[in-house]
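Just below is one structure, and these are the notes that go with it.
Just so it is clear, none of the values below were taken in a lab; they were calculated from the coordinates. Computed from a predicted structure; not experimentally measured. Reconstructed Cβ throughout: ideal geometry from the backbone, glycine too, with neighbour counts over all protein chains shown.
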């Protein structure tokens, strides 16, 4: 049976939630709110928005490969895939890099080499600290690494794991191995006392489990028409929005305790690093699962699919790219004191400014370049098909 192509309208709102969470955690840092007790720790833990981004990317970008494996039809050429990714990611990113390096005083002394490293998204692999205004781009660097390996991973799904027929259990078993390997990487990089460990803790293998969970959700959506015993049980659990979201909230509360480590820039112990990694993974997958496995007709689903929320999701990538530069430029310009400012006030102001800047970037930069993508129809409203949407991207 051919797998029908589905839109997932609730995911745009989830992208918006993830981007707002990332803005909140950075505003919390700049305001000094992390040290104010349990609520300050919870604001720091809103970095879980990155895990949501990665789960969304794993789901949205892998699904077309899995559909090809299920339906036994050819997948689009890698050249076409990479053209879409470049046009989706780099125009807004380049503008953001130029703005951060040109506008922020601490960056003005950086030489041509650092400019090139940042424009090519490789600064993370060569420097201990990303430039001011671009510190959030470590996660985009990880995303791009995932984009680079995805065609090979998709070919493995199609030609090896599902060579003769659709094998969801085999796919899920492989993804489980990826998650185990990712956890092992996190444990090793937080245990070994070596100069490379700090860098390696921010590379793609350290976050493979988050992408794998998104891919696992994609497997379940494709298998939902005729699920087996295992996939049927997972689908049933994922459709229960109340249980999933209550569990996600409980896990978030747990990781916001000392079990998840200090909210400050203090390296976590190996146990704390693994705890934070697993809890963020669970929060992200539990948040997203009902949006792709559940009904689009429930009251909550209809709210998440409202046009304003979806549009906020459409500009979420630009919000992500610009908001730290907005913080770095806006905090001193508006007379705020770093580490001694009202968090709610700073958060609201920075989010509002970032949305305005992001809207301009979306209209002037992002959409025009996206319209150049191969096979992309010129249109007045953004598309929301899974093959063309993605978490940061």
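Brief remarks on what is shown
- Average Cα contact separation per residue, segment 10-370, under 8 Å, 6 or more apart, as relative contact order %: 33
- GNM result for the chain, Cα springs below 10 Å: residue of 86, 364, 326 fluctuating most strongly: 364
- Extending 7 Å from Cα along the Cβ direction at residue 161 and again at residue 246 yields two label points whose distance is 3.2 nm.
- Within a Gaussian network of the chain (alpha carbon springs, distance under 10 Å), most fluctuating of 215, 104, 116: 116
- Identified option (computed Rg and Dmax of the Cα atoms in Å; candidates (1) 24.8, 79; (2) 20.4, 64; (3) 21.2, 68): (2)
- The C-alpha atoms of the chain define a longest principal axis, and helix 137-156 lies at about 20 degrees to it.
- Added length on full extension, which subtracts the Cα-Cα distance from 0.36 nm per residue, residue 296 to residue 372: 24.3 nm
- Segment 247-373: relative contact order as a whole-number percent, Cα under 8 Å and 6+ apart: 20
- One chain, two ends: residue 105 and residue 202. Fully extended at 0.36 nm per residue, the span grows by 32.3 nm beyond their Cα-Cα distance.
- Per residue, the chain reaches -21500 deg cm²/dmol at 222 nm when only DSSP H runs of four or more residues are counted, each adding -39500 (n - 2.57).
- Choice from 221, 231, 36 showing the highest fluctuation, given a GNM over the chain with Cα pairs closer than 10 Å: 36
- Cα-based helix-to-principal-axis angle, 78-103 vs the chain, degrees rounded to 10: 10
- Each part reduced to its alpha carbon centroid, segment 201-256 and segment 95-124 end up 37 Å apart.
- Helix 343-361 axis, angle to the chain major axis (alpha carbon atoms, nearest 10°): 60
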